[in-house]
């Protein structure tokens, strides 16, 4: 089997995903192209350098529609001989882009890929692409569809997590992210966003609230209680799948859920020959990849079975993994992961996560993989695992091994 | 005689008058569809015709589809159903197009629906296809689509047209709940165009025909650039609506009503395509519902058999026994409730209690119910005065003298009841029928206190009397036919549904409800998660879980029943596992809702806040929990087996009553059509197997001989007893 290595990983800063967010003025194509250009420039790529650009993106309508990946290639300095593939596995799209590149390399196809993703949530609102699972009764009623916040609260109820635990995790995410920024831990991968004239638009994650305290979070109202218990009553739908529970405890709110942000990330993946050709040193081997489907109602428990699957497939146990990145879609997702594998909290999301810095859906998978790699190098660790929960009941994971 | 008549006036307006012979209410049959189609062709093809008015010769327009049509279609399988529905779509679409030019959308002949009164089901779907709907101003008329209540949905274009007319959110109450409106409300809600005085209905309809322009004759959905009100599923506005309606419907129906999902499926898929394709989609969804056994079972029990019982299927063939004057003794909750519903039905009531004050308090119950109706716009001060005027509250038994039916509803104590009966008999006429309202006491024993047992019987009204649709009429050993006829005529006047059962412990309803409650309590004792017990019950279509139900009826009542049953049965008493739980709760003072504490906890306002957290300390939740289906099978089967035993033992004599009574009396999974329909649906063989599997829990699940016999002969309840019930 051909090996797949990561040679470089970059990301944009994350802008608040609102009209007043700094990246609101940047198009999805422009931000994607900046990532591609930066990756090409940093690594001296030219001509038909890679086999494909695989680009994760969730809300593929409007400016993110029409095969955004190809548009991004054409808007960048890359050669037009390089095609582009937009993919969507919701929140794991960016990770699956990397996995897809790695697996094609494993299969002997091509020598290099650019994989990553983008999501401009301030410009293309979440859910604006529609989803049959939410509104087609055969699915919505048939599978017991509920919005993710209800699912997250259901996880907390089913596995016994309290509001305080969730809020404490959020505070810790903020603290760790602030420390990471203060110590410049993101500087290797950070590519500031500039306008066409070279003027700076954003050079830091602007969603963060480092001063967040437990008492401030305690004051927030649960965000999903009204839609769950009142109209339209999603709790009832969810509880039909979990009839042993009498009710759902609503513990999530804006402060312990991931932030809505704009952002992009890109990873340069290739085989050994690719590294030789461009004089690049491999930073890590993509040791294993996995994806699974799980109950769509509780929806966000995927990191547990997908991690079990990837560990089993690579002959490892959770004890063998030095560092974990578990996307902080909601606090309960990470709490459940830690509970299931009984891992030391110090090993998980060392530099904070989506609760503090935000979750640009299609980009996040590639982002946390880069964050994992940077931290593995900084802390001089060997094995790292990145995983995300995925809408509609899925999960994806990647194991990296430093060379 | 054809169902539709045709006449052309000198102005060129053709009138098609619906008048089905031999029926008080028009219904649409297969022949009727053909006749209507031919007349529409005639009008559209006749150059002298400028437009058409479709009306009725009866006081109402139409009550719906002839259910014969449905069963005829069903027998032909999917292909026949789909073809039949598409044929109807074709006729209605022809009306909607009015013979216009397909390209220019001009030249249509106006076709107006002029409703003399009620238009339900196809009686509203046909008007929906017309260019304008006028309804005579008849406040008692009802407009709407009640199909969902019998497990169907509007399948003659009603779903597609109403969603396009109002949007899904506004159409939902009519499609998903079968909400009916009077003409004024229907006009305000946009279901119809105009309410006009009855005497000018036809004149106004004709005037509209003559004045109509091309633009009036093209429905919004047939125009370019049509936008669905409230948004289509993938419009930003519509997205949330479709998402919410699916979730709400799932929560409300607990997933057990195929028609609810099918109507939403038709609405959703239909909204994404053009009108004619949407009709096809609707027809496919409707076909799937007709093929599902739920619709057949619900129609049989909730429509056909309920109607048969309402009309006196079990009434002895005797002259009219309409109640002229009702006596009610005991002005407590039940007595006052009975007095109230009788007075509402126009019957004069003498309400007797030990003191005038107590009797007046009973009458006050009626006043407060009427006040609530006034608040909701369902009654006026005038009707309130009239109803209260019919109730005379007194402490004087002699006032009962003119009564032809006296119902005693005093405390459930045989001695007290016997005394009251004896006292009543001293004042009433020889012909007066005496009924005792009881949910548990054997009638034959009470009748022993009477000197004329043939004129005595039991009635079992359910609480709250004004809301519950069922009345059990209990025939004692010596009860005569005239007494039964009197009781049935009384129930009919109340517009409630009667079942006639023979005298045995707990009669029919309580006989089945008690094991249901007990099975739930047993599971608590076994360590089944209480939330699972309650959810399993609701998810199999029971209106309330067994633990909530016993909280409502009260734990101390359960204790009293248990003690009485134990005393009566002696050593074979099977329910000591249940008693352990209820006696313990009673000892804690947790007597149910009225005590603000039972299986559930309650807040200071008496609202349930959740299962009592202390249950786990008494009956720890087991590590291994049964799966949902097993809990559901236990809860349904325990009721169904009791119904079978009631039939075996002659308490029930008609399975129709067993099914209708179970649904109306205690809400037995309406989707199933009742316990006998449910057993038929799973099949006697499978039911016996399920019994054997459940028998490890105790002999209470042993299959009754009748069920075993049906299984051995590959027979079913309706197959075997249909002749008796026809």
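With respect to residue A:334, determine if the residue is surrounded by 21 or more Cβ atoms within 10 Å (Cβ to Cβ) and either under 30 Å from residue A:65 (Cβ atoms) or in contact with a strand residue (DSSP E or B) (Cβ under 8 Å, 6 or more places away or on another chain) (or both).
Criteria met by residue A:334.
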If I filter segment B:232-245 for residues that are surrounded by fewer than 21 Cβ atoms within 10 Å (Cβ to Cβ) and away from every other protein chain (no Cβ under 11 Å), do I get at least one hit?
yes
Considering only segment A:202-231, state which residues are surrounded by fewer than 21 Cβ atoms within 10 Å (Cβ to Cβ) and within 14 Å of chain B (Cβ to nearest Cβ).
A:226, A:227, A:229, A:230, A:231
Considering every residue within segment A:122-132, establish whether at least one is farther than 21 Å from residue A:386 by Cβ and part of a helix (DSSP H, G or I).
yes
Hey, does segment B:341-353 have a residue that's closer than 15 Å to residue B:324 by Cα, assigned by TED's automatic domain parsing to the domain that holds residue B:460, within 33 Å of the chain's Cα centre (by Cα) and loosely packed, with under 14 Cβ neighbours inside 10 Å?
yes
Subset of segment B:709-726, residues without any contact (Cβ under 8 Å) to a residue 40 or more places away in the chain and either closer than 29 Å to residue B:525 by Cβ or in contact with a helix residue (DSSP H, G or I) (Cβ under 6 Å, 6 or more places away or on another chain) (or both), comes to B:710, B:711, B:716
Residue satisfying condition, being touching a helix residue (DSSP H, G or I) at 6+ places or on another chain (Cβ under 8 Å) and touching a residue at least 12 places away in the same chain (Cβ under 8 Å), within set A:136, A:167, A:203:
A:167
Tell me, which residue of segment B:611-630 that is touching a residue at least 12 places away in the same chain (Cβ under 8 Å), within 12 Å of another protein chain (Cβ to nearest Cβ) and outside any strand (DSSP E or B) is nearest to residue B:552 (Cα to Cα)?
B:612
For segment A:9-23, enumerate the residues that are farther than 24 Å from residue A:53 by Cα and in contact (Cβ under 8 Å) with a residue 60 or more places away in the chain.
A:16, A:17, A:18, A:19, A:21, A:22
Residues that are surrounded by 15 or more Cβ atoms within 10 Å (Cβ to Cβ), under 26 Å from the mean Cα position of the chain (by Cα) and more than 14 Å from every other protein chain (Cβ to nearest Cβ): does segment A:192-201 have at least one?
yes
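If I go through segment A:240-256 residue by residue, how many of them are more than 14 Å from chain B (Cβ to nearest Cβ) and in contact (Cβ under 8 Å) with a residue 40 or more places away in the chain?
Looking only at that region, the number is 5.
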Residue B:377 assigned by TED's automatic domain parsing to the domain that holds residue B:463, surrounded by fewer than 24 Cβ atoms within 10 Å (Cβ to Cβ) and free of Cβ contacts under 8 Å to residues at least 12 places away in the same chain:
yes
Has segment B:416-426 got at least one residue that is under 21 Å from residue B:317 (Cβ atoms) and part of a helix (DSSP H, G or I)?
no
I need the full set of residues from segment A:88-106 which are within 16 Å of residue A:2 (Cβ to Cβ) and not in a helix (DSSP H, G or I), in order please.
none
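Looking at B:251, B:255, which is the one that is outside any loop (DSSP other than H, G, I, E, B) and within 9 Å of chain A (Cβ to nearest Cβ)?
Numbers: B:255 fails: outside any loop (DSSP other than H, G, I, E, B).
That would be B:251, the only listed residue that is outside any loop (DSSP other than H, G, I, E, B) and within 9 Å of chain A (Cβ to nearest Cβ).
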Considering segment B:444-462, residues that are within 17 Å of residue B:414 (Cα to Cα) and in a strand (DSSP E or B), and then whichever is nearest to the chain's Cα centre (by Cα), we arrive at B:460
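Table: residues versus (1) outside any loop (DSSP other than H, G, I, E, B); (2) more than 37 Å from the chain's Cα centre (by Cα); (3) not assigned by TED's automatic domain parsing to the domain that holds residue B:138.
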site	(1), (2), (3)
B:44	yes, yes, no
B:80	yes, no, no
B:102	no, yes, no
B:109	no, yes, no
B:112	yes, no, no
Is there a residue being at negative phi, under 27 Å from the mean Cα position of the chain (by Cα) and buried (at least 20 other Cβ atoms within 10 Å of the Cβ) anywhere in segment B:621-631?
yes
Restricting the search to segment A:64-87, which residues are surrounded by fewer than 19 Cβ atoms within 10 Å (Cβ to Cβ) and either under 16 Å from the mean Cα position of the chain (by Cα) or within 18 Å of residue A:127 (Cβ to Cβ) (or both)?
A:65
If we keep only residues of segment B:561-610 that are over 30 Å from residue A:229 (Cβ atoms) and not in a helix (DSSP H, G or I), then the residue nearest to the other protein chains (Cβ to nearest Cβ) is B:575
Quick check: anything in segment B:285-297 at pLDDT 95 or above, within 12 Å of chain A (Cβ to nearest Cβ) and assigned to a helix (DSSP H, G or I)?
yes
Quickly run through segment A:144-164 and pick out the residues that are assigned to a helix (DSSP H, G or I) and either in contact with a helix residue (DSSP H, G or I) (Cβ under 6 Å, 6 or more places away or on another chain) or surrounded by fewer than 19 Cβ atoms within 10 Å (Cβ to Cβ) (or both).
A:144, A:150, A:152, A:154, A:155, A:156, A:158, A:159, A:164
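Residue by residue, here is whether (1) without any contact (Cβ under 8 Å) to a residue 24 or more places away in the chain; (2) within 14 Å of another protein chain (Cβ to nearest Cβ); (3) assigned to a helix (DSSP H, G or I); (4) over 25 Å from residue B:415 (Cβ atoms) holds:
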| site | (1), (2), (3), (4) |
| --- | --- |
| B:464 | no, no, no, yes |
| B:467 | yes, no, no, yes |
| B:487 | no, no, yes, no |
| B:490 | no, no, yes, yes |
| B:506 | no, no, no, no |
| B:513 | no, no, yes, yes |
| B:518 | no, no, yes, yes |
| B:532 | no, yes, yes, yes |
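The values are calculated or read from the model by the stated rules, or taken from the named source; none is laboratory data. Bear in mind that the values here come from a model prediction, so they are computed numbers and not experimental data. Virtual Cβ from ideal backbone geometry, glycine too; neighbours counted across all protein chains shown.
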